[in-house]
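Q: Take a look at this one; I'll ask things after.
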Amino acid sequence: EVLVAESGGGSVQAGGSLRLSCATSGFTYVDDWSVAWFRQAPGKEREGISCISRPDGRTYLADSVQGRFAISTDNAKRTVYLQMNSLKPEDPAGYSCAAADSPFGCNGVPGVIQYGYWGQGTQVTLSS
């Protein structure tokens, strides 16, 4: 089955940067998959903030992170990255990576029902 594991969370000050990693394995086809990043802060709904899919190469970034975050892949490592720059006080949350074992899955805002395989999550906190 598809396995997903996030890493890279930590404590960062406002204006700082972090890069989250989502290591994956088990896709049926090397170039037919979709991966999304979600986050959930205490007391708030889970929100889909980014996704990427193959073979189309489509990507999505939520308006709240446009210009600050970027999603990318290292296909050899089967890893999806979320580069987070210029972090704001509203960014700290539990970040989760999720995958779908199907192509063309990134088409606007990622929804939970689209992604059946989830990692354990990684925490991003704000330092003071």
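Q: For the stretch 114-128, give me each residue that is open to solvent by 60 Å² or more (accessible area, probe 1.4 Å) and more than 21 Å from S25 (Cβ to Cβ).
A: Hits for the stretch 114-128 are Q123, T125, L126, S128.
Q: Just need a number here: residues in the stretch 40-57 that are open to solvent by less than 70 Å² (accessible area, probe 1.4 Å), touching a residue at least 12 places away in the same chain (Cβ under 8 Å) and either in contact with a helix residue (DSSP H, G or I) (Cβ under 9 Å, 6 or more places away or on another chain) or small (G, A, S) (or both).
A: 5
Q: Next question, about the same structure. Restricted to the stretch 78-113, and to residues that are free of Cβ contacts under 8 Å to residues at least 60 places away in the same chain and open to solvent by 60 Å² or more (accessible area, probe 1.4 Å), which residue is farthest from A14 (Cα to Cα)?
A: I113
Q: Considering only residues that are acidic (D, E) and over 21 Å from S127 (Cβ atoms), look in the stretch 1-39 and name the one that is least open to solvent (accessible area, probe 1.4 Å).
A: The selected residue is D32.
Q: Moving on. Out of (1) farther than 15 Å from Q114 by Cα; (2) in contact with a helix residue (DSSP H, G or I) (Cβ under 9 Å, 6 or more places away or on another chain), the odd one out for L61 is which?
A: If we test L61 against (1) farther than 15 Å from Q114 by Cα; (2) in contact with a helix residue (DSSP H, G or I) (Cβ under 9 Å, 6 or more places away or on another chain), just (2) comes out false.
Q: Which of the following residues is within 21 Å of L3 (Cβ to Cβ) and not charged (D, E, K, R): S53, S86, S127?
A: S53
Q: Select the strands (runs of 3 or more DSSP E) contained entirely in the stretch 14-128, then report the ones holding at least 2 residues which are among the aromatic types (F, W, Y).
A: Here the list reads 34-40.
The values are calculated or read from the model by the stated rules, or taken from the named source; none is laboratory data. Remember, it's a predicted structure, so these values are computed and weren't measured experimentally. All Cβ positions, glycine included, derive from the backbone under ideal geometry; neighbour counts span all protein chains shown. With ligands, DNA and RNA removed, areas are computed over all heavy atoms of the protein, side chains included. Shrake-Rupley method; radii C 1.70, N 1.55, O 1.52, S 1.80 Å.
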